[in-house]
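The values are calculated or read from the model by the stated rules, or taken from the named source; none is laboratory data. This structure is a prediction, so every number in the text was calculated from the model and none was measured. Ideal geometry is used to build each Cβ from the backbone, glycine not excepted, and the neighbour counts take in all protein chains shown. Keep in mind that these areas ignore ligands, DNA and RNA; they rest on the heavy atoms of the full protein, side chains included. Shrake-Rupley method; radii C 1.70, N 1.55, O 1.52, S 1.80 Å.
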Amino acid sequence: MLDSNKDSLKLEAMKRIVAMIARGKNASDLFPAVVKNVACKNIEVKKLVYVYLVRYAEEQQDLALLSISTFQRGLKDPNQLIRASALRVLSSIRVTIIVPIMMLAIKEAASDMSPYVRKTAAHAIPKLYSLDPEQKDQLIEVIEKLLADKTTLVAGSVVMAFEEVCPERIELIHKNYRKLCNLLIDVEEWGQVVIINMLTRYARTQFLNPNMNESLLEEGNDKAFYGSDDDEDEEEDEKDKKAEAPAMAKRKPYVMDPDHRLLLRNTKPLLQSRNAAVVMAVAQLYFHLAPKAEVGVIAKALVRLLRSHSEVQYVVLQNVATMTIKRRGMFEPYLKSFYIRSTDPTQIKVLKLEVLTNLANETNISTILREFQTYIKSMDKDFVAATIQAIGRCATNIGEVRDTCLNGLVQLLSNRDELVVAESVVVIKKLLQMQPEKHSDIIKHMAKLTDNIQVPMARASILWLIGEYCEHVPKIAPDVLRKMAKSFTNEEDIVKLQIINLAAKLYLTNSKQTKLLTQYVLNLAKYDQNYDIRDRARFIRQLIVPTEKSGALSKYAKKLFLALKPAPILESPFKDRDHFQLGSLSHLLNAKAGGYQELPDWPEAAPDPSVRNVEVPEWTKCSSREKRKEKKVEKPFYSDSEGESGPTESADSESDSASGLESGSGIEESGSGSESEESEEGSESEEEEEEEEKDKKKKKKELKKPVQESESEQSSEEEVRKHERKNKQRKSDSESESDEEDDSESESSRSESEDSESETEVKKKKKAAESKPPSKPVKKEKKEMSLLDLDDFEPAPSPQVTPVNTFLSSSLVTDLEGLSLSDTVLSPATTSPCSALKSYELLHRITGEGLCVEYCFSRQPFSPDGNMVAVQMQVTNNSTSDTKNLHMEDVKLQSGMRVKEFPEIELLPAGESATAVMGIDFCDSTQAANFQLCTHTRKFFVSIQPPVGELMRPVFLTENEFKKEQGQLMGMNEITEKLTLDAKCRNEHAIVQSVITAANLSRVPCGSDRECSPPVPPPALPVHRFAGRTVTSGSLVLATVASKEEGAAQLTVNCEKMVIGTMLVKDILLALTQ
Amino acid sequence: MIHSLFLINHSGDIFLEKHWKSVISRSVCDYFFEAKDKAVDPENVPPVLQTPHHYLISIYRDKLFFLSVIQTEVPPLFVIEFLHRVADTIQDYFGECSESLIKDNVVTVYELLEEMLDNGFPLATESNVLKEMIRPPTILRSVVNTLIGGSNVGDTLPTGQLSSVPWRRVGVKYTNNEAYFDVIEEIDAILDKSGTTVFAEIQGVIEACVRLTGMPDLTLSFMNPRLLDDVSFHPCVRFKRWESEQALSFIPPDGNFTLMNYHVSSQNLVTIPVYVKQNISFFETEPCGRLDITIGPKQTMGKTVEALMVTIHMPKSVVSANLTPTQGSYTYDLATKVLVWDIGKLNPQKLPNLRGSLSLQAGAPKPEDNPSLNIDLKIQQVAISGLKVSRLEMFGEKYKPFKGVKYVTKAGKFQVRT
């Protein structure tokens, strides 16, 4: 049929042949007929021919060569699928002669347009390598090239090839490390597994141990762990350890490498993958690489996998068992998830039991033992045996329950099932060894059991116990020996050996009763079939039976036999498994599998992190911190003005998806992904900032401010300034090392930008910018800038002058003119600004019979008493007659409040007004102060109630101080409210003004927050901070307004006094939303 | 990585083999058969076996063993997960994963395996991509193919393979645009003799059936996402959006898929819908025992409990059971010693009861342990955790899809110890 002209017939024939192959039947004699059809037009026939070829080419190399030219033609096909499949088949036919052709094809395909073909090329690399390992060097070149590929499709496959061909060439990863980390989430799941495993190894060689500080505490533990890591150079390792210990102490403040953090952060979402292998890979990565405090996140995901197929459970439980030995706390909350169901397969049951045992501690042991009790009744006897073992282990590990366990086990001795009894005996034996004195009755009980128990191991255990502790049971022991002697010939070998032991021990302690018995046993043993037993008998006879030529040894016989034996330690079979990389086959089998790559030890000192630098400005990690900071400043700057600034990593993924877009896929997804990545980056930089020292901070602020400024300026100006900035940056760059690199980078980033601004224009502007004197002293510049930037909010140097002072409009000033005259307490200069503030009515014109009193909170320190709030009153006489002797009387206050009365106003002529200042100590509460206002004729009851915002005075804090204080006022002391800003007050100025009007706070100068906001226009969404102290008690009041897009904002108030905090939030909210 | 794959049926015949690298003799399976014989139950065969030259990793599904041969270090879960994916794909293609179906479609299966792995490394495992390369057999297509000589194999590269959404193919068209979501929750519980809960948790899964034209972008939000303690998603779900808004945003694959799995935080008390009163005892003297089981509703949120079923794995010595159910019917399988009592709907007025005697093998000792009861049930229209979908929005396409959400509660591993 294959020779037929009809495709359908050919297809039918091929299908039958392939079906034969599938069933494992030999179809190799059809080879010539099949190979002819390799050039068949029908794609399905072709595919099946490929299948056939791949299967049999190895056997018929000569004939297979006939087909090669077809594949070579296929490699040039315009259809990428055909190109790829040609390469696939070509590389899959294992014929050594075509190695050069394969090599050529791979090289060509590695630079193919289609990522799919490139992926296939990556797949072909290990194939060729296994065919001809001598091509390694050339293949590594191809791998290197493909590693630099930016598509997610290729990443997984090439890393796979890397792992198979040259896992030791870790340096190839350096340049691609960050890219791989960032692409990871978009790589297909199988690739993710491979990449994560590789990165785990990579990180182990490149970063410092995040737990090194803690590990000092449990050095002993860790040493064992590390020591076993490398079997070959263990000694050397040990030495290293010793050298490392002091080094660790020196390096106490550990700072995680940002790249290390990047890896941890980018892998974390993958814990939510549906693919168990990915979850496991991330889990092992966290287990091996994360700081102790963060490892916990994997527990939940691993417990989730326990719901999956039983094979998955099996593997996961093995790994969990290993983890629970090292980090028990991690899985403790999930204890109940490891409870066993009667329907679980035995192997799962046993593993769950293992985990439960590992998790047992003083607090949960009672629940665990109760569970174990139900398990013992199970029908699955292997499982019951394992449970008994587990109980034994719990008993050894937790002293409190030892007696309970022992009693429980003794009860099991009366179980009908022999296996159970036997297992209990073995475990009891081990337990008794720890404290034999107390339990002679148990030993007696067990001695009785010898009549019934048939399981050799158990019999042997009992005999050993009796022999060992024959002094505790002097009467029974000889009797047991008698019985045993009777049945000696029918016993199993291990039992026989123990009988001999028992006899020997008894002979030594109680030779009177047992001499004959011992002789008898030894005689029986002498003619046993087993040479071990014969040997033992001979040996013991020589040792214990005194003869004339008995050597020196017999004197020590008693010592030899009845020496105290250390109790065995019951430990988990998973104890030492963690030197294998978790999740690996080797770990599962507890034996090194072929091709297993050892997980390297942490390096003592971090290798140079700069090797991971890629030639892109944003992500470059600089050797000097200062330079890095400048870069950070630069970053939002560029991304603001030029949509696609440099080729950042996130831009990588963008361009990546763009290539995927050829086929019309969703931009949105990858776009949003990269965006949030970036913002995350920002938050990271914020973290770093906090660590930085103050002086550096200041410097940064200097750099920061111009940026702020440029934002407030119009865009045209911004351009100019940008170059100005660049100049400045260049200047500082010249101090640091890699000036040139940086320079070229910024050049390149510009050239790549798709902004309309043309190259020439840029140059012109640059020149213009350069003409500005670059030698301008930085300090001076700062002052100028800040004046521009913060215009009227520049914080006052001392708290004496409130920020309010500065923003007086001219109209207000005129209003003020008449007021500040008769004030006797305060100097006119300081009182002047008060009417910027809201004034309240104390006494209405009508009720006051022409006398009108208004008051306001002047926000001045009340100089006679610092704890008082100054209240400034304006008294106007609207009546026709003069008012005399205006004064206060009969002040009624809440406890603790005090008032400093204003001096009596002796005469207020009609139509005139006067000002008086009084001080009230409100005791940090909004309780009203009631008093009578008396004139020479009348008395008016009035009261002054302060808004909460007036109960504080501004203090000046730097941003750092602010953050520090804020950090201490978290939790209950923090009140957060979301709000939508009124359309009128969205700009910075309006926000600040509203807040300051509502509360007597001072603004905290800030700048760096702009960095953490995402670099999308509007460029920066500032955070405003305000600080003050309550007047009486001096508690800090911190307010933060963080504005977001479209008028949304968040208000946070931190105050020790929660009442004040709550009220303040309300007031500011009101002021901002109006 | 994965070297070869053997499909083995229940009785130990190899009926399909596929090698991705050089051929490995099927005699390697002998090690597996040895282990299989040792294990009483096929479930008890260890998934990973070590032989002198190879490692065998196997899964047991639908009465078939998928046995893969490995030569070098590879994460075992990687292989296990892949084998399950193979089984899923076969199921997806032919409706079920059984020996006879695989034998009937051996060429298609073989082609699939060829596409799924290249040199032992997974190449295309998304069923959407595969379906474009190798079309699943339908009666219609086979008729058309014989008439006009068409082919089951696609000749262009599936678009999904290259795009950033490999799970969806381009150019999907439907006349009826619909999206259905099934919220299925399973109660895993262990109750002890007295009926107190030893352990209980709720696992949920959202199965979706989306037939929408074009490239729709869906957002599914919940009324009470806080309930969800631990989640895992189909790769299409944008994790960032979930973290920030607790809403599922995704471009769905075409057809049926599992959107997410979740676990309801254990702080919330799990409501157990039924209670079980049971009394199983075996007599010391005579070779027989007594069984009496009653099931009643506990907290069913006003819905009826359906498809109620009790399964008991009896001790080996139980020879026969002579029981009378007040409702439903029971069967006792002598070979596997499994007693199944199929009850059906639970009527709160008249509680179902099963009682009678069990006879034991003469001379066999009394079983020490009473068998535990496995309970199966189903409650329609309610998710026992209280999870509710609040809305489904669609972006990216203009038409109005038909949307539907269904809730079902089932018993998962629901066990009553006796």
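If only residues of the stretch B:93-104 that are surrounded by fewer than 19 Cβ atoms within 10 Å (Cβ to Cβ) and in contact (Cβ under 8 Å) with a residue 40 or more places away in the chain are counted, the one that is nearest to the other protein chains (Cβ to nearest Cβ) is B:LYS103.
Go through the stretch B:358-386 and give me each residue that's part of a strand (DSSP E or B) and more than 13 Å from B:VAL305 (Cα to Cα). It would help to see each step written out before you state the result.
Of the stretch B:358-386, the ones part of a strand (DSSP E or B) are B:358-360, B:373-380.
Of everything in the stretch B:358-386, those that are part of a strand (DSSP E or B) and more than 13 Å from B:VAL305 (Cα to Cα) turn out to be B:LEU358, B:SER359, B:LEU360, B:LEU373, B:ASN374.
Scanning the stretch A:415-435 for residues that are charged (D, E, K, R) and either surrounded by 17 or more Cβ atoms within 10 Å (Cβ to Cβ) or not assigned by TED's automatic domain parsing to the domain that holds A:MET379 (or both) yields A:GLU423, A:LYS429, A:LYS430. When the helices (runs of 4 or more DSSP H) confined to the stretch A:134-191 are screened for residues that are touching a residue at least 40 places away in the same chain (Cβ under 8 Å) and within 14 Å of chain B (Cβ to nearest Cβ), those reaching at least 2 such residues are found at A:152-165, A:177-183. Within the stretch A:395-409, is even one residue charged (D, E, K, R), in a helix (DSSP H, G or I) and under 25 Å from the mean Cα position of the chain (by Cα)? No - not one qualifying residue is present in the stretch A:395-409.
As a summary of the residue check, A:ALA477 satisfies the conditions (1) open to solvent by 30 Å² or more (accessible area, probe 1.4 Å); (2) under 30 Å from A:THR518 (Cα atoms) except for the one numbered (1).
Here B:LYS398 passes the criteria (1) in contact (Cβ under 8 Å) with a residue 40 or more places away in the chain; (2) among the charged types (D, E, K, R); (3) outside any strand (DSSP E or B); (4) more than 14 Å from chain A (Cβ to nearest Cβ) except the one numbered (1).
So that you can scan it fast, the table gives a plain yes or no per residue for (1) over 47 Å from the mean Cα position of the chain (by Cα); (2) surrounded by 18 or more Cβ atoms within 10 Å (Cβ to Cβ); (3) free of Cβ contacts under 8 Å to residues at least 60 places away in the same chain:
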residue	(1), (2), (3)
A:ILE21	yes, yes, yes
A:ALA39	yes, no, yes
A:GLN72	yes, no, yes
A:ILE82	no, yes, yes
A:VAL99	no, no, yes
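This table checks each residue for (1) within 29 Å of B:ALA200 (Cβ to Cβ); (2) at pLDDT 85 or above.
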site: B:PRO225; (1), (2): yes, no
site: B:SER232; (1), (2): yes, yes
site: B:PRO235; (1), (2): no, no
site: B:ALA247; (1), (2): yes, yes
site: B:PHE250; (1), (2): no, yes
site: B:THR258; (1), (2): yes, yes
site: B:SER266; (1), (2): yes, no
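Looking at the stretch B:227-269, which of its residues are in a loop (DSSP other than H, G, I, E, B) and open to solvent by 30 Å² or more (accessible area, probe 1.4 Å)?
B:PRO235, B:GLN246, B:SER266, B:GLN267, B:ASN268, B:LEU269
Looking across the stretch B:20-47, the residues that are farther than 30 Å from B:LYS316 by Cβ and at the interface with chain A (Cβ under 7 Å from one of its Cβ atoms) come down to B:SER22, B:ARG26. Of all the listed residues (A:PRO546, A:PRO566), the sole one being under 30 Å from A:ALA386 (Cβ atoms), in a loop (DSSP other than H, G, I, E, B) and modelled with pLDDT under 75 is A:PRO566.
Close contacts from the stretch A:1058-1074, counting a first residue that is under 14 Å from A:VAL995 (Cβ atoms) and a second that is surrounded by fewer than 21 Cβ atoms within 10 Å (Cβ to Cβ) and of a type in the set (Asp, Glu), with Cβ to Cβ under 8 Å and a gap of 6+ residues or different chains, come to A:VAL1065/A:GLU977; A:LEU1069/A:GLU977; A:LEU1072/A:ASP982; A:THR1073/A:ASP982; A:GLN1074/A:ASP982.
Scanning the stretch A:345-370 for residues that are charged (D, E, K, R) and surrounded by fewer than 20 Cβ atoms within 10 Å (Cβ to Cβ) yields a total of 2. Among the residues of the stretch B:322-375, those identified as open to solvent by less than 30 Å² (accessible area, probe 1.4 Å), away from chain A (no Cβ under 14 Å) and farther than 27 Å from A:ASP417 by Cβ are B:LEU323, B:TRP341, B:ILE343, B:GLY344, B:LEU346, B:PRO352, B:ASN353, B:LEU354, B:GLY356.
Residues in the stretch B:217-225 include at least one that is at the interface with chain A (Cβ under 9 Å from one of its Cβ atoms) and either buried (at least 20 other Cβ atoms within 10 Å of the Cβ) or part of a strand (DSSP E or B) (or both).
Of everything in the stretch A:45-70 that is farther than 24 Å from B:LEU112 by Cβ and among the acidic types (Asp, Glu), the residue that is surrounded by the most Cβ atoms within 10 Å (Cβ to Cβ) is A:GLU59. When A:ARG341 is tested against (1) over 19 Å from the mean Cα position of the chain (by Cα); (2) in a helix (DSSP H, G or I); (3) within 14 Å of chain B (Cβ to nearest Cβ); (4) not β-branched (Val, Ile, Thr), only condition (2) is not met. Here A:VAL99 meets each of (1) within 27 Å of A:ALA122 (Cα to Cα); (2) more than 9 Å from chain B (Cβ to nearest Cβ); (3) touching a Ser or Thr at 6+ places or on another chain (Cβ under 8 Å) with one exception, condition (3).
In summary, B:GLN50 fulfils each of the numbered conditions (1) crowded, with 19+ Cβ neighbours inside 10 Å; (2) out of contact with any Asp or Glu (no Cβ under 6 Å at 6 or more places or on another chain); (3) at the interface with another protein chain (Cβ under 7 Å from one of its Cβ atoms) with the single exception of condition (1).
Would you be able to say whether some residue in the stretch A:1051-1073 is open to solvent by 20 Å² or more (accessible area, probe 1.4 Å), part of a strand (DSSP E or B) and not aliphatic (A, V, I, L, M)? Looking through the stretch A:1051-1073, none of the residues is open to solvent by 20 Å² or more (accessible area, probe 1.4 Å), part of a strand (DSSP E or B) and not aliphatic (A, V, I, L, M). Kindly check whether there is at least one residue in the stretch A:289-302 that is within 10 Å of chain B (Cβ to nearest Cβ), part of a helix (DSSP H, G or I), within 26 Å of B:LEU191 (Cβ to Cβ) and open to solvent by 10 Å² or more (accessible area, probe 1.4 Å). There is at least one residue in the stretch A:289-302 that is within 10 Å of chain B (Cβ to nearest Cβ), part of a helix (DSSP H, G or I), within 26 Å of B:LEU191 (Cβ to Cβ) and open to solvent by 10 Å² or more (accessible area, probe 1.4 Å).
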